[in-house]
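Enquirer: Before I ask anything, let me first share the structure, which is written out below as structure tokens.
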Amino acid sequence: MAKVIMIQGTMSGAGKSLLVAGLCRIFRQDGYRVAPFKSQNMALNSYITKEGLEMGRAQVMQAEAAGIEPLVCMNPILLKPTSHTGSQVIVNGEVRGNLSARDYFAHKTELIPEIKAAFRKLETYADIIVIEGAGSPAEINLKQNDIVNMGMAAMVDAPVLLVGDIDRGGVFAQLLGTLMLLTEEERERVKGLIINKFRGDSTILDPGIQMLKERGQVPVLGTVPYMELTLEDEDSLTDRFDAKHVGKIDLAVIHYPRISNFTDFDVFEQMPEVSVRYVTNVRELGTPDLIFLPGSKNTMGDLKWMRQNGLEAAVKRAAGKVPIFGICGGYQMLGYEIADPDSVEEGGRIRGMELLPVRTVLQKEKHRCQIDGKLEAVEGIFAGLTGYEFTGYEIHMGETVYCGEDGKRSTSCADDAMRNVKITETVVSDSTGCVYGSYIHGLFDKGEIAGHMIQTLAREKGIILEGGVWEDYCTIKERQYDQLADTLREYLYMEDIYGMLREAHIS
């Protein structure tokens, strides 16, 4: 049976996800088969496995650090918010339906057998499993029937490391207050405390650390410095949305209320002299060199939001002057119409932005698959992408078909089904070759696709970028995982952590 250790936090954003990734990379470097696990994840950024199953991207990032293929058993429950009070519930990669927060809370314990089965399956792959909690174990309103923090730790008899975020301030109160609110049995599971995201000389913390040891009766296993990494974080907590700097090449991503899978644009953030700005209004849009419309968990609702705040009109004015590129829900918005006969989202039908000659009908069944191949017959400004290899995945509820430039279904196409396959698997553009759409998430990650796009924009702008040739995004991430592991080795007491693993057992 696998050895197990769990990372819990004093709050959301304490750094649990990256610490789990770093430990996964360390254990992998030390020769162990290691895997991440999170029983319940709430996120709009998701991933499709080789089997066509859906899981949270945080565990995908951690699996990459561990050097193994992402498996849906690493994240048996995924909640994708559809409103402020409800979520789509995905269990073992399959949609179970939409539930209000209250209904899910009342029935979540029914999913414990699914969680246990997923964990047991993961044990067959791993020597060590690193579990991530969610939020805080001391949230009184969520402690009853917990399945993701101390409840999860009890299921598998896991020792717990409790992490606090000093960058936000009040870390000593965070850690001691959390310990005080735990039951005696729960406190006994906490085998170490970690202070995360420290800036400066850590020796000035010595009096506080001594107090933590005395009052908390738990050893402090390290003070981890603030790290300038660009690895994925939980989508609800990202600081990417705050970036306002405008680079030599400026990319604007429309940040609608239900934005999803914005990890599609992470690769561009690695490029010097390139800025990626997430914009929520016309004033912020400015004059970018490329506008992205990302995925959406509520495509019709987010299109209405764009229409009401003026962003739709601003994007349409920019079309023909700068490239517009829609991914998944953003691609659907660019068409002539989105119809929802089965009330998958809001029901009825809505006029699209009328920038691409396509129509979309939302369907109850979600389309999920991994995909790879070559881009075929890309037109317009990005015609040079034709023939480039890509790897990605599709995750959408809807079928998109070509229609005429007048918005009517095309009768000139001999085989609409084949045309639809072509849309789904590659990139479709308008007659001007300046508006593009694709269902493929991760389209820009592999090889030179992103680099070619940026160099094309630079040529159009008449400038030369000093960055030159950019690395494959996977290579960049591998280096960052190693950097993360090196930092944790330096600042955590890894001997003590290995000692916990030697003592750990699963009842």
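Enquirer: Please return the ranges of helices (runs of 4 or more DSSP H) entirely within region 143-244 where 1 or more residues are within 19 Å of ALA58 (Cα to Cα).
Expert: Of the helices (runs of 4 or more DSSP H) lying wholly inside region 143-244, those with at least 1 residues that are within 19 Å of ALA58 (Cα to Cα) span 150-156.
Enquirer: Working only within region 2-36, note down all residues that are touching a residue at least 60 places away in the same chain (Cβ under 8 Å) and assigned to a loop (DSSP other than H, G, I, E, B).
Expert: The answer is ALA2, THR10, MET11, SER12, GLY13, ALA14, GLY15, TYR32, ARG33.
Here is a yes/no grid of residues against (1) without any contact (Cβ under 8 Å) to a residue 40 or more places away in the chain; (2) crowded, with 23+ Cβ neighbours inside 10 Å; (3) under 26 Å from GLU114 (Cα atoms); (4) in contact with a Phe, Trp or Tyr (Cβ under 9 Å, 6 or more places away or on another chain):
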position	(1), (2), (3), (4)
MET155	no, no, yes, yes
ASP167	no, no, no, yes
LEU181	no, no, no, no
GLU188	yes, no, no, no
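Enquirer: Tell me whether region 118-141 contains one or more residues that are open to solvent by 70 Å² or more (accessible area, probe 1.4 Å), part of a helix (DSSP H, G or I) and over 23 Å from MET500 (Cα atoms).
Expert: yes
Enquirer: While we're looking at this one, here's another question. Could you tell me whether any residue of region 59-71 is touching a Lys or Arg at 6+ places or on another chain (Cβ under 7 Å) and within 26 Å of PRO257 (Cα to Cα)?
Expert: Within region 59-71, one or more residues are touching a Lys or Arg at 6+ places or on another chain (Cβ under 7 Å) and within 26 Å of PRO257 (Cα to Cα).
Here is a yes/no grid of residues against (1) in contact with a strand residue (DSSP E or B) (Cβ under 6 Å, 6 or more places away or on another chain); (2) within 30 Å of GLY301 (Cβ to Cβ):
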| site | (1), (2) |
| --- | --- |
| ALA66 | yes, no |
| ASN75 | yes, yes |
| ASN98 | yes, yes |
| ALA101 | no, yes |
| GLU110 | no, yes |
| LEU122 | yes, no |
| ALA126 | yes, no |
| MET155 | no, no |
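Enquirer: Looking only at residues that are β-branched (Val, Ile, Thr) and under 22 Å from LYS366 (Cβ atoms) in region 59-84, which one is most open to solvent (accessible area, probe 1.4 Å)?
Expert: Per the criteria, the residue is THR82.
Enquirer: Now a separate question. Go through region 299-334 residue by residue and tally those that are in contact with a helix residue (DSSP H, G or I) (Cβ under 8 Å, 6 or more places away or on another chain), under 30 Å from GLY97 (Cα atoms) and polar (S, T, N, Q).
Expert: 2
Enquirer: Could you list, in sequence order, the residues of region 457-493 that are surrounded by fewer than 18 Cβ atoms within 10 Å (Cβ to Cβ), in contact (Cβ under 8 Å) with a residue 24 or more places away in the chain and more than 28 Å from the chain's Cα centre (by Cα)?
Expert: GLU460, LYS461, ILE463, GLU466, TYR493
Enquirer: I want to confirm something. Restricting to region 444-455 and keeping residues that are buried (at least 18 other Cβ atoms within 10 Å of the Cβ) and in a helix (DSSP H, G or I), which single residue is nearest to the chain's Cα centre (by Cα)?
Expert: That would be ALA450.
Enquirer: From (1) in contact (Cβ under 8 Å) with a residue 40 or more places away in the chain; (2) closer than 24 Å to PRO225 by Cβ; (3) surrounded by fewer than 24 Cβ atoms within 10 Å (Cβ to Cβ); (4) out of contact with any Ser or Thr (no Cβ under 9 Å at 6 or more places or on another chain), pick out the condition that doesn't hold for VAL160.
Expert: Condition not satisfied by VAL160: (3).
Enquirer: Select, from ILE128, ILE115, ILE77, the only residue that is out of contact with any Leu (no Cβ under 7 Å at 6 or more places or on another chain) and at pLDDT 95 or above.
Expert: ILE115
Enquirer: If you don't mind, another one. If I ask for residues that are touching a residue at least 60 places away in the same chain (Cβ under 8 Å) and either assigned to a loop (DSSP other than H, G, I, E, B) or of a type in the set (Ser, Thr, Tyr) (or both), which ones from region 37-51 would you list?
Expert: Hits for region 37-51 are LYS38, SER39, ALA43, LEU44, ASN45, SER46, TYR47, THR49, LYS50.
Enquirer: OK, next. How many of the residues making up region 96-117 are closer than 19 Å to ALA43 by Cβ and open to solvent by 10 Å² or more (accessible area, probe 1.4 Å)?
Expert: So the answer is 11.
Enquirer: Follow-up. Suppose we keep only residues that are of a type in the set (Val, Ile, Thr) and either touching a residue at least 60 places away in the same chain (Cβ under 8 Å) or surrounded by 19 or more Cβ atoms within 10 Å (Cβ to Cβ) (or both) within region 351-366. Which one would you say is farthest from THR82 (Cα to Cα)?
Expert: Here the answer is VAL358.
Enquirer: Of all residues in region 91-112, count the ones that are within 20 Å of the chain's Cα centre (by Cα), on the phi < 0 side of the Ramachandran plot and in contact (Cβ under 8 Å) with a residue 40 or more places away in the chain.
Expert: 2
Enquirer: Hey, among GLU365, GLU405, GLU394, which residue is under 23 Å from ASP340 (Cα atoms), of a type in the set (D, E, K, R) and modelled with pLDDT of 90 or more?
Expert: The match here is GLU394.
Enquirer: From the residues in region 262-289 that are assigned to a helix (DSSP H, G or I) and open to solvent by 20 Å² or more (accessible area, probe 1.4 Å), which one is nearest to ILE381 (Cα to Cα)?
Expert: Result: GLU269.
Enquirer: Taking LEU176 and the conditions (1) open to solvent by less than 20 Å² (accessible area, probe 1.4 Å); (2) at pLDDT 95 or above; (3) within 23 Å of ASP146 (Cβ to Cβ), which numbered condition does it fall short on, given that it satisfies the others?
Expert: The failed condition is (1).
Enquirer: While we're here: Determine which single condition ASN145 fails, assuming it passes every other condition in (1) open to solvent by 60 Å² or more (accessible area, probe 1.4 Å); (2) under 16 Å from ALA14 (Cα atoms); (3) of a type outside the set (D, E, K, R).
Expert: Of (1) open to solvent by 60 Å² or more (accessible area, probe 1.4 Å); (2) under 16 Å from ALA14 (Cα atoms); (3) of a type outside the set (D, E, K, R), only one is false for ASN145: (2).
Enquirer: Another question about this same structure. Quick one: GLU232 ticks every box in (1) within 32 Å of the chain's Cα centre (by Cα); (2) over 26 Å from LEU501 (Cα atoms); (3) surrounded by fewer than 19 Cβ atoms within 10 Å (Cβ to Cβ) except a single one, so which number is it?
Expert: (3)
Enquirer: Right, something else. Within region 310-350, track down each residue that is closer than 30 Å to LEU457 by Cα and either open to solvent by 50 Å² or more (accessible area, probe 1.4 Å) or part of a loop (DSSP other than H, G, I, E, B) (or both).
Expert: Within region 310-350, GLY310, LYS316, ARG317, GLY320, LYS321, PRO323, CYS328, LEU334, GLY335, TYR336 meet the criteria.
The values are calculated or read from the model by the stated rules, or taken from the named source; none is laboratory data. What you see is a predicted model; the values in this text were computed from it and never measured. We place every Cβ from the backbone using ideal geometry, glycine too, and count neighbours over all the protein chains shown. Ligands, DNA and RNA are stripped out before the accessible areas are found, and what is left, the full protein with its side chains, is counted by its heavy atoms. Shrake-Rupley method; radii C 1.70, N 1.55, O 1.52, S 1.80 Å.
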